[in-house]
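Engineer: Structure provided below as structure tokens; questions to follow.
Bear in mind that the values in this text are calculations on the coordinates, not laboratory data. The shown structure was predicted, so the numbers you read here are calculated from the model rather than taken from an experiment. Don't worry about glycine lacking a Cβ; one is built from the backbone with ideal geometry, like all the others, and counts go over all protein chains shown.
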Amino acid sequence: MLLPDQPGVQVRKCLAELARYVAAKDTGWSSSDKLAEMTEENARYVIATETSPDGSTARVGFLYFQFTMEDTCDTEDEESDDNSGSDQERQIPVVYCYELQLEEAFQRRGLGTYFMNLLEELGTRYHMKKSMLTVFKSNTTAIAFYTKRGYVVDGISPSNHLPPRRAARISYEILSKSL
Ligand SMILES: CC(C)(COP(=O)(O)OP(=O)(O)OC[C@H]1O[C@@H](n2cnc3c(N)ncnc32)[C@H](O)[C@@H]1OP(=O)(O)O)[C@@H](O)C(=O)NCCC(=O)NCCS
């Protein structure tokens, strides 16, 4: 696991891919903000590399996550945590997957599953209550991938707490899985 001082070429390429998804303005996408987020002190990376016969290595994908606190509106979390504040203040410890990006040639070969297994194992080991992530509604491939893994639309996702017409204008969902 390493935190790159400078996000490399692979990261930039993946960011360009990601930015292509962001047609809607509701995410407030900014490349510089994203790079700042990706180099935060709490950012943790697992990077997959491929080694060529000549010994050179190339990055083929990465998982970027953080251990963090996240809002919750789940009843069981209220009961099990010492969070006695108002609705807005209830938070739980989660492992949050900020990015999971694989080069196209390395997709559908079980690498994403490997990364997510690792993420969830780390979350469990460090007593996080959930594994969480944000996914664009248009990214049906990723949604199929996460759904197969047991992820569901979280209670704090726009579609679960905004009026339907407002939620329909939001381009993303927040998914989670209890650990
Ligand atoms: C989404 C992503 C991380 C999945 O990783 P992956 O290594 O390709 O997925 P896996 O090989 O582990 O697939 C596991 C299961 O997920 C589902 N799945 C994965 N890709 C799928 C696809 N393109 N269409 C439908 N289901 C898919 C399948 O059920 C698959 O099982 P199967 O291959 O036995 O049928 C990867 O495709 C990727 O990096 N995509 C581009 C970036 C991206 O969208 N990241 C997510 C941002 S939130």
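Engineer: Through the Karplus equation 6.51 cos²θ - 1.76 cosθ + 1.60, θ set to phi - 60°, convert the phi angles of the stretch 30-37 into ³J(HN,Hα) values in whole Hz; use x for Gly and Pro.
Structural biologist: Along the stretch 30-37, the couplings run 8, 4, 5, 5, 5, 5, 5, 4 Hz.
Engineer: May I ask you to compute the full-extension gain from Ala105 to Leu162, defined as 0.36 nm times their residue separation minus their alpha-carbon distance, rounded to one decimal in nm?
Structural biologist: 16.7 nm
Engineer: Which FRET efficiency value, to the nearest 0.05, is calculated for Ala144 and Ser56 with the Förster distance at 25 angstrom and r the Cβ-Cβ distance?
Structural biologist: 0.15
Engineer: Testing the spin-label approximation: label points 7 Å from Cα along Cα→Cβ at Gln91 and Val152. State their distance in nm.
Structural biologist: About 2.5 nm, to one decimal.
Engineer: Right, another one. Between Glu40 and Lys137, what is the label-point separation in nm under the 7 Å Cα-to-beta-carbon projection?
Structural biologist: 2.5
Engineer: First measure r as the distance between the Cβ atoms of Ser31 and Phe67, then evaluate 1/(1 + (r/R0)^6) with R0 = 35 Å and state the FRET efficiency to the nearest 0.05.
Structural biologist: 0.90
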